[in-house]
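Just so you know, all these numbers are worked out from the coordinates, no wet-lab data involved. Computed from a predicted model, the values in this text were never measured in an experiment. Note that each Cβ is placed from the backbone with ideal geometry, even for glycine, and that neighbours are counted across all protein chains shown.
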Amino acid sequence: MEHTPIEKISVFDICDACEMNRKSFYYHFRDKYDLVNWICDVEFFRAAGFDAVSDPWEYLRKLCGYLYENRSFYSRAFKIKGQNSFCEHFREMLTPIVSALISHDGAADVSMFRLDFYLDAFCGAFERWMRVKDCGAPESFCDDLASCFN
């Protein structure tokens, strides 16, 4: 994805570069978009799992730092739209974090409208932040997100 848009990368290209056969690829992944999602899962979401972090803002700060360090990859990943896209996957991964941020007094029930509203805002903000070539520092971006709650 560094030199070629994902739309122009085939599973054959991936298999050829990794010296693996297509059968092995499809044993592990549904398609090339699933591979992109898996990379994020393995590198961030599983490594710094939400269960291990008690504070959602601490989790978001780690996420912002990770995305910033890997912005070359993720600026391209956020461009992927449609079914099984990174944006869709990212939204799913943010759901428990955003839910924890917007629940008041530890209430477990958050309306779907409210949750969708905040998820749209967070995902849009992350996507826009990654799209800007000289995006601001992750600490600044996370502070800007937090300021929306004050």
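Can you figure out the FRET efficiency of Glu2 with Ser140, using R₀ = 25 Å and their beta-carbon distance, to the nearest 0.05? Kindly include the intermediate steps, with their values, before the conclusion.
On the way: r = 26 Å, r/R0 = 1.03.
Calculated value: 0.45.
Below 17 Å, Cα to Cα, which aspartates and glutamates can Lys23 reach? Residues fewer than 8 away in the same chain don't count.
Correct list for Lys23: Asp13, Asp31, Asp34.
Among all stretches of the chain without exposed trypsin sites (Lys or Arg not before Pro) (DSSP loop, at most 16 other Cβ atoms within 10 Å), which one is longest?
Details: sites that count: Arg30, Arg46, Lys81, Lys133.
Longest run free of exposed loop sites: 82-132.
Reported to two decimal places, what Rg/Rh ratio describes region 61-150 when computed on Cα atoms with Rh from the Kirkwood expression?
Working: Rg = 13.4 Å, Rh = 13.8 Å.
Using only Cα positions, Rg/Rh for region 61-150 is 0.97.
Using a basic spin-label model with each label point 7 Å from the Cα along Cα→Cβ, how many nm lie between Lys23 and Leu115?
Simple spin-label model gives 4.1 nm for this pair.
Under a Cβ-only charge scheme (Lys and Arg +1, Asp and Glu -1), can you give me the dipole magnitude of region 32-147 about the Cα centre, in debye to the nearest 20? If you can, show how the numbers build up before the last one.
Numbers: 13 positive and 18 negative charges, 125 e Å.
My answer is approximately 600 debye.
Given the DSSP H assignment, sum -39500 (n - 2.57) over each helix run of at least 4 residues in the chain and divide by its residue total; what's the result at 222 nm in deg cm²/dmol, nearest 500? Walk me through the numbers before you get to the answer.
Working: 8 runs with 92 residues, N = 150.
That comes out to -19000 deg cm²/dmol.
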